[in-house]
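Step one of this worksheet: look at the structure below.
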Amino acid sequence: MNYLSANLQNALAQLGLTTPQAIAQMGVVKVFLLLKEMGLTPTQSVLWRLDAVARGVSLAQVDTQRKAVLSGSLKTHPPVAIFPSAQKMQHFM
């Protein structure tokens with residue numbers, strides 16, 4: 001997870017995503033949207049970095065074609081939401 005800042009790694013940990021495999025399993029576009037839902041303001045370069053980490057490739061290997069695919073997926077992805085904490089769920093039950 002070399003391409004990700006400490007702040008970004010902390011945010012991912014809050015989502016339970018601590019390995020490249022976990023990011024890949026959830027999908028980089030969904031992870032990116034969840035980061036936005038958390039109140040962060042990631043740029044598209046964060047999306048490219050997440051993709052590189054999830055695929056285990058260098059950042060240079062996220063080429064223009066791959067970036068276009070990711071951008072298209074981002075535009076068509078359904079909205080995401082963060083599941084409420086147990087405390088909040090209990091409050092509303």
Work out the length of the dipole vector of the range 1-82 about its Cα centre, built from +1 on the beta-carbon of each Lys and Arg and -1 on the beta-carbon of each Asp and Glu, and round it to the nearest 20 debye.
120
Once you have the Kirkwood Rh of the chain from its Cα pairs, apply Stokes-Einstein at 4 °C and 1.567 mPa s and quote D in µm²/s.
93
Contact order normalised by residue count of the chain, Cα under 8 Å, 6+ apart, percent
31
For helix 64-76, what angle does its Cα long axis make with the longest principal axis of the chain, in degrees from 0 to 90 and rounded to 10?
30
In the range 1-76, carbon and sulfur make up what percent of the accessible area (probe 1.4 Å)?
48
Work out from phi, with θ = phi - 60° and the Karplus expression 6.51 cos²θ - 1.76 cosθ + 1.60, the ³J(HN,Hα) of each residue of the range 12-24, listed in order in whole Hz, and give x for Gly and Pro.
4, 4, 5, 8, x, 10, 10, 10, x, 5, 5, 5, 5
Taking only protein heavy atoms and a 1.4 Å probe, what accessible area per residue, in Å², does the range 1-78 have with all protein chains in place?
57
Say the dipole of the chain comes from +1 at the beta carbon of Lys and Arg and -1 at that of Asp and Glu; which of Ile23, Leu34, Ala13 then lies farthest toward its positive end?
Leu34
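The values are calculated or read from the model by the stated rules, or taken from the named source; none is laboratory data. Computed from a predicted structure; not experimentally measured. Every residue, glycine as well, gets a Cβ built from its backbone with ideal geometry; the counts of neighbours run over all protein chains shown. We work out accessible area using only protein heavy atoms, side chains counted, and drop any ligands, DNA or RNA first. Shrake-Rupley method; radii C 1.70, N 1.55, O 1.52, S 1.80 Å.
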